[in-house]
């Protein structure tokens, strides 16, 4: 699952989601250096995990449509073989 950083002081959020927490931490530190002089803002900031529902992907994994078609094709081929 991807990671993003959020800064409550200036309402900044990662420009893009990171696949690793370490990458999101690096973006957070870069934001602190540029916007807050390298210090953590008093209002707080942090890195958090983003779930698939937030990204709009829902709960089904990628490629589920092809898997469904494959299962239906197997069922139909089994019916025609009899």
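The values are calculated or read from the model by the stated rules, or taken from the named source; none is laboratory data. These numbers were taken from a predicted model, which means no experiment stands behind them.
A few comments on the model shown:
- Taken over the range 1-23, the criterion of being part of a loop (DSSP other than H, G, I, E, B) and over 15 Å from the mean Cα position of the chain (by Cα) is satisfied by 8, 9, 10, 11.
- Set 35, 26: member being modelled with pLDDT of 90 or more, more than 11 Å from residue 6 (Cα to Cα) and under 19 Å from the mean Cα position of the chain (by Cα): 26
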